[in-house]
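Read-outs throughout are calculated quantities, based only on the coordinates presented, and are distinct from any laboratory measurement. Not measured: the values here are computed from a predicted model. Here the Cβ positions follow ideal geometry from the backbone for every residue, glycine too, while neighbour counts run over all protein chains shown.
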Amino acid sequence: MKIRFRILFMLTAATLAAVSCAKKNDEDYNVVEQASLDAWMKINAPDAQKLDNGMYIETVTPAPEGAAAPAIGNWVRINYTGKSLEGNVFVTRYKEVAEQQGTSTLHTYYEPQYLLYQNYNTAFTQGQLTALQQMRQGQVVTIYMPSSLAYGAYGSSYSGGYEGQYALSANVPAIMTMELNEVVTDPTARETGMVMDYAVNEWAIERPEKDSTFFFKIIEGNEDEKTKITVDSTVSIYYIGSFLDGFIFDTNIDSVAQRVFNDYDENSATSYTPKDGGMIQAFYEAVPRMHYGDRAKMVFTSEWGYGSTGNSSGETVIQPYTPLVFEFWIETNQDEEEEEGGDDSGSGSEN
């Protein structure tokens, strides 16, 4: 027993010594890195303010007088570009910067990132969170972060058109220019107002007395009861999905995909039976109002789309609380055509 205890004690002591040594090495590295960053700042950004945690912040554009400050639980929309101390871009939300870097893609929607502001959010670095605590809506700052407040031992891992020409190496400081575009206290109310404004301005309808989150209209169709669609019907749908500003994020129409994305995927109509699901809730709401052969448009809040989480599984990221617009066509029912002796000419594709 004494021998076993002695061995266990020696292993424990060795482990503690290794951990202590690693911790000391980390502390030593942090001290050296901070000293190097301090020296770099004196030469390259002498007017920046040093904070207690070792990062620096410098105002590029001051906030307007009385501008809103974010509070825990608010949502914020922020634009940013990140660089190494050498000036190499590793991330950007700005299209013009991505184009300069040669990293922009036709599927990437360049807009401010929409995030929940809280004490901890994995989408923020600690340095960004520290900066946001001091910012106001409309303000632009540049922050200089030691690696412990930036990307640490992992470096940067951006993709999808937001990355720059270079990756940020592990354990190095980072520079981030940040713009606080908007502080949102009620994201649901915000997007509801956006959808109503769109319907009123783009479709020339009267503003409803009550808030509405879903607008739908038939732009080509018929009222033949024989061609009425129900929740049990299986239909073939061609669609174009876009954001409120017209940016197309998805389509299964080849001619549109070629024109917008410069690609050809041999797209085909999407088969859909409302009662079985498989598409976003907006289609469940719209399709049973239609007839085979109809063409329609709808605009709706994220309640009918991808909700408070958004969707990052497609080639274009759909952010949380994002309103969407769809124009879509229901192919003519083939069984009806055969019964009536008609030909099967309905392609559902764009003319």
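Tabulated data for the structure shown
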{"quantity": "Proportion of all alpha-carbon pairs of region 188-340 beyond 18 Å (%)", "calculated": "61"}
{"quantity": "Degrees separating the helix 2-44 axis from the principal Cα axis of the chain, which is the longest one", "calculated": "80"}
{"quantity": "Volume per residue of the C-alpha convex hull in region 29-185, rounded to whole Å³", "calculated": "113"}
{"quantity": "Extension gain from ALA69 to LEU129, taking 0.36 nm per residue of separation minus the Cα-Cα distance", "calculated": "20.3 nm"}
{"quantity": "Lysine pairs with alpha-carbon atoms under 26 Å apart, the chain, spacing 8 or more or separate chains", "calculated": "16"}
{"quantity": "Nearest-ten-degree value, helix 187-203 long axis tilted from longest Cα axis of the chain", "calculated": "40"}
{"quantity": "Cα-projected label distance for LEU85 with ALA35, points at 7 Å along beta-carbon direction, nm", "calculated": "1.3"}
{"quantity": "FRET efficiency estimate (nearest 0.05) - Cβ-Cβ, SER169 to GLU206, R0 51 angstrom", "calculated": "0.35"}
{"quantity": "At most 10 other Cβ within 10 Å, DSSP loop - chymotrypsin sites (Phe, Trp or Tyr not before Pro), region 234-312", "calculated": "TYR264"}
{"quantity": "Cβ-based charge dipole, the chain, positive-most Cα from VAL235, GLN319, THR142", "calculated": "THR142"}
{"quantity": "Simple Cβ-charge dipole of the chain, Lys/Arg +1 and Asp/Glu -1, about Cα centre, in debye nearest 20", "calculated": "2920"}
{"quantity": "Selection from GLN49, THR270, VAL76 lying farthest towards where the dipole of the chain points positive, charges on Cβ", "calculated": "GLN49"}
{"quantity": "Inter-label distance, nm, simple model (7 Å from Cα along the C-beta direction), GLU223/THR185", "calculated": "4.6"}
{"quantity": "Dipole in debye (nearest 20) - region 29-185, about Cα centre, beta carbon charges: Lys, Arg +1; Asp, Glu -1", "calculated": "160"}
{"quantity": "Relative compactness, region 36-126, computed as alpha-carbon Rg over 2.2 N^0.38 Å", "calculated": "1.29"}
{"quantity": "Along each principal axis, Cα extent of the chain, largest first, Å", "calculated": "89, 68, 39"}
{"quantity": "The chain: relative contact order as a whole-number percent, Cα under 8 Å and 6+ apart", "calculated": "16"}
{"quantity": "CD proxy at 222 nm, helix term only [per DSSP H run n ≥ 4: -39500 (n - 2.57); per residue of the chain; nearest 500]", "calculated": "-8500 deg cm²/dmol"}
